[in-house]
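The structure appears below as structure tokens.
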Amino acid sequence: MSRSWERKVKKNMEQINKQRKKSGAGNLVLNSEKKHEVTFKGRNIVLPIVLILFIGMYNIILLMDPTYKIDGMYWATNIAYILLAALFFFRKPYLTVSKEYVQTRRMMGDKQLFAVAIKEIKVQGGYIIIVPNNGSSWAFNKTFNRYPIDDMKDELKKFADKHHIAWTE
């Protein structure tokens, strides 16, 4: 693409993003800006197993009572916990490392943390902990969420060196 065309596209994107910001929608991002992102995906297996065990204990305790009658609420509770376990299993946790920010999925949605808001990155054993200037730390581990810690460590080290973020190993 020619440079003038890129400038026109960028200018139009800025105008659209201003309008979207006023209406409360998220920003649009050019494909060229997303090229420098690296995403590491994990797999959440512990929480679904705990939920299935919980619903199993619930069933055992209820069915031990001879006076209990199985009704619609019993089935609704069982189905709800099984669907919740499936949701946590199929919704993979991730960490995206970009040129300017890191992004992950928290309980209340996707969260971005820009480099200026990061105080320190700690690496210990099978854990990576990103400590923001304010708020709670982001912890990524190999045991519970099956993250590729070694690959993440290399990419986060580059990110920390580029933005002069404290690195503790």
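The values are calculated or read from the model by the stated rules, or taken from the named source; none is laboratory data. Just so you know, these numbers come straight off a predicted model, no measurement behind them. Virtual Cβ from ideal backbone geometry, glycine too; neighbours counted across all protein chains shown.
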Completion exercise
The residue that is modelled with the lowest pLDDT, considering only those in the range 44-68 that are of a type in the set (Val, Ile, Thr) and over 27 Å from Met107 (Cα atoms), is Thr67
Handout entry: Filter result for Gln112 (without any contact (Cβ under 8 Å) to a residue 12 or more places away in the chain and in contact with an Asp or Glu (Cβ under 8 Å, 6 or more places away or on another chain))
Key = no
Practice task
For the range 121-134, state whether one or more residues are in contact (Cβ under 8 Å) with a residue 40 or more places away in the chain, in a strand (DSSP E or B) and β-branched (Val, Ile, Thr).
Solution key: yes
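When you look at Gly72, is it surrounded by fewer than 15 Cβ atoms within 10 Å (Cβ to Cβ), farther than 25 Å from Asn44 by Cα and either among the hydrophobic types (A, V, I, L, M, F, W, C) or over 14 Å from the mean Cα position of the chain (by Cα) (or both), yes or no? It would help to see each step written out before you state the result.
Values: surrounded by fewer than 15 Cβ atoms within 10 Å (Cβ to Cβ): yes; farther than 25 Å from Asn44 by Cα: yes; either among the hydrophobic types (A, V, I, L, M, F, W, C) or over 14 Å from the mean Cα position of the chain (by Cα) (or both): yes.
Judged against the criteria, Gly72 is a match.
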Problem - Index of the failed condition, Arg146 passing every other in (1) surrounded by fewer than 16 Cβ atoms within 10 Å (Cβ to Cβ); (2) at positive phi - result: (1)
Problem - Subset tally (residues that are on the phi < 0 side of the Ramachandran plot and surrounded by fewer than 17 Cβ atoms within 10 Å (Cβ to Cβ)) for the range 124-140 - result: 10
Practice task
Within the range 51-102, count every residue that is in a helix (DSSP H, G or I), of a type in the set (A, V, I, L, M) and either farther than 30 Å from Thr39 by Cα or in contact with a strand residue (DSSP E or B) (Cβ under 9 Å, 6 or more places away or on another chain) (or both).
Solution key: 12
